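Every number in this text was worked out from the coordinates using simple rules, so none of it is lab data. Treat the numbers as computed from the prediction; the structure is a model and nothing was measured. Every residue, glycine among them, receives a Cβ derived from its backbone with ideal geometry; neighbour counts consider all protein chains shown.
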Amino acid sequence: MPKQLIAAAPRVAAITDYNDRAIMPNEVKVKVDYAAPKHGTELTDFKGVSPFIKEKYDSEWQLFMQREATEDSGVKFGEWNLGNQWVGRIIEKGSAVTEYEIGERVCSYGGIRETHIINAVNNFRLRKLPENVSWKNAVCYDPAQFALGGVRDANIRPGDRVAVIGLGAIGQIAAQICVKMGASLVVAIDPIEKRREAAIKHGCHAAIDPTQADVGLELKKLSNKEGVDAVIETSGHPAALQSALRGLAYTGTIAYVAFAKEITGGLNFGKEAHFNYGKIIFSRAGSEPNPDYPRWSRRRIEDVCWEMLTNGYLNCEDIVDPIVPFAQSDEGYMKYVDREPHLSIKLGVEF
């Protein structure tokens with residue numbers, strides 16, 4: 001029987017068997033070669049602390065509302081297949097499938113498991129992956145969207161000074177985009193040395209360890225006391241937002257991309273935030289309509305990101321690290337995603 005990685009209980013991953021059904025005429029079956037989880041929103045569910053477990057977002061009211069006792073949160077420990085993106089080859093196709101062929105290399109959303117059955121008719125999220133493109137770029141398809149959304153929401157333009165706080169996959173990709181588009185200063189901020197080194201390798205002009213420096217002051221020093229025009233904040237740490245406010249230029253913009261937890265300390269809006277006319281936009285590429293709708297939609301963001309990932313504009317070779325074999329993905333997930341995230345940037349799984 002094929003195997004998959006599941007959340008057996010809060011903060012416990014396990015590899016279990018599953019049954020594959022027969023494919024429908026509109027579907028293909030894919031043998032997975034590589035996969036990756038999310039280190040942000042998925043982790044909050046894995047830890048059992050997501051607001052979605054006890055509450056739901058009501059799109060009519062645009063509020064989180066308490067779930068009824070009988071309502072399903074979608075997080076089913078013992079069944080939930082962990083993971084976000086995968087790359088593999090088509091091994092079966094249904095009679096109605098005309099856009100894909102057996103043997104083609106494809107990428108899409110889904111958990112870490114040996115096979116996937118997926119709709120292959122009018123499904124733009126089933127992406128064909130050219131043979132010359134690294135699988136590491138492909139599994140960064142999801143974080144690239146939130147990185148691009150953050151860059152756009154911060155209204156970053158060529159010549160701007162930018163700080164990126166939090167150098168997981170989203171932060172790393174956001175920093176690369178800012179460098180490529182011609183920002184005059186891109187400062188990478190993260191307490192983890194290997195993440196700072198990766199950002200510098202891919203073009204960032206400076207890197208700061210927030211545990212060893214006053215980030216706000218250092219940003220002012222790097223910008224002739226003026227501060228940075230924009231900050232992309234992906235860490236979700238209260239002290240990071242305070243640092244962003246300290247290092248932000250007068251009337252600058254913070255794109256708050258992080259899926260943050262409740263802030264219980266370390267943030268003071270009575271200081272720089274009150275004096276410097278800073279703007280904070282809570283950035284989420286998955287929310288529709290976004291500020292540039294209808295010209296820009298989630299579909300357009302996804303299409304642009306896939307093009308960036310497959311044409312060489314972005315390089316994710318140093319972002320997907322470490323890589324573990326699927327047989328060790330349960331221990332790897334618990335170690336690198338949950339317990340010791342300082343040892344990783346984005347976990348990769350090889351089958």
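Relative contact order, whole percent, for region 143-282 stands at 23, derived from Cα pairs under 8 Å and 6 or more residues apart. With both residues required to sit in region 101-221, DSSP beta bridges show an antiparallel share near 20%.
Between region 295-351 and region 27-81, the C-alpha centres lie 19 angstrom from each other. What you get for the chain, charging only the Cβ of Lys and Arg (+1) and of Asp and Glu (-1), is a dipole of about 560 debye around the Cα centre. Simple spin-label estimate for Phe77 and Glu99 gives 3.9 nm between the two label positions (7 Å along the Cα-to-Cβ direction from each Cα). Could you tell me which of the pairs Lys38/Lys261; Lys180/Lys346; Lys194/Lys220; Lys194/Lys346 are separated by over 18 angstrom between their Cα atoms in the structure shown? Going by Cα-Cα distance, Lys180/Lys346; Lys194/Lys220 fall outside the 18 Å limit. Using R0 = 51 Å, the C-beta based FRET efficiency linking Glu92 and His274 works out to 0.25.
Put in line by how crowded their Cβ is, counting other Cβ atoms within 10 Å and starting with the fewest, Phe259, Phe52, Phe124 read Phe124, Phe52, Phe259.
For a test of the definition: using alpha carbon positions, the gyration tensor, and the 1.5 limit on a/c, classify region 143-282 as rounded, prolate or oblate. In terms of gyration-tensor shape, rounded. Between the helical axis of 238-247 and the longest alpha-carbon principal axis of the chain there is an angle of about 50 degrees.
Counting only alpha carbon atoms, the long axis of helix 298-310 and the longest principal axis of the chain meet at about 90°. With a Förster radius of 25 Å applied to the C-beta separation of Lys221 and Thr264, the computed FRET efficiency comes to 0.25.
Considering the dipole of the chain built from charges on the beta carbon (Lys and Arg +1, Asp and Glu -1) around the Cα centre, which of Ala8, Pro25, Ile208 is farthest to its positive end? Value: Ile208.
Seen from Trp296, the other residues with C-beta closer than 12 Å to its C-beta sum to a net charge of 0, counting Lys and Arg as +1 and Asp and Glu as -1. For region 143-282, the Cβ-based charge dipole about the Cα centre amounts to some 200 debye (Lys, Arg positive; Asp, Glu negative; other atoms uncharged). By the helix-only formula, in which each DSSP H run with n ≥ 4 contributes -39500 (n - 2.57) and the sum is divided by residues, the chain has a 222 nm mean residue ellipticity of -6500 deg cm²/dmol. Of all DSSP beta bridges confined to the chain, the antiparallel ones make up roughly 60%.
Among 33-39, 108-114, the peptide with the highest mean count of other Cβ atoms within 10 Å heads the list, and the full ranking is 33-39, 108-114. In this rough spin-label picture, where each label sits 7 Å from Cα along the Cβ direction, the Val121-Glu197 distance is 5.1 nm. Here the relative contact order of region 68-155, from alpha carbon pairs under 8 Å that lie six or more residues apart, stands at 28 percent. Which net charge results when you count Lys and Arg as +1 and Asp and Glu as -1 among the other residues whose beta-carbon is under 13 Å from that of Ala36? Overall, the nearby charge balance is -1.
Anisotropy class assigned to the chain is prolate, per the alpha carbon gyration tensor with a/c at or over the 1.5 cut-off and a/b larger than b/c. Residue separation of Ala239 and Thr211 scaled by 0.36 nm, minus their Cα-Cα distance, works out to 9.0 nm of gained length. Counting only Cβ charges, +1 for Lys and Arg and -1 for Asp and Glu, the dipole size of region 228-326 around its Cα centre is about 440 debye. For the peptides 83-90, 263-270, the ranking by packing is 83-90, 263-270, with the highest mean count of neighbouring Cβ atoms within 10 Å listed first. The simple Förster model, with R0 at 51 Å and r as the Cβ-Cβ distance, assigns Tyr293 and Arg67 a FRET efficiency of 0.95.
As a length-normalised measure over Cα pairs under 8 Å and 6 or more apart, the relative contact order of the chain settles at 17 percent. Computed from Cα atoms, the angle from the helix 141-153 axis to the main principal axis of the chain rounds to 30 degrees. Between Asp338 and Thr41, full extension at 0.36 nm per residue minus the direct alpha carbon distance yields a gain of 105.7 nm.
Comparing Lys194, Lys220, Lys271 in a Gaussian network model of the chain where C-alpha atoms under 10 Å apart are linked, the largest mean-square fluctuation is found at Lys271. Unpaired Cys in the chain, meaning no second Cys C-beta under 4.7 Å: Cys107, Cys178, Cys204, Cys305.
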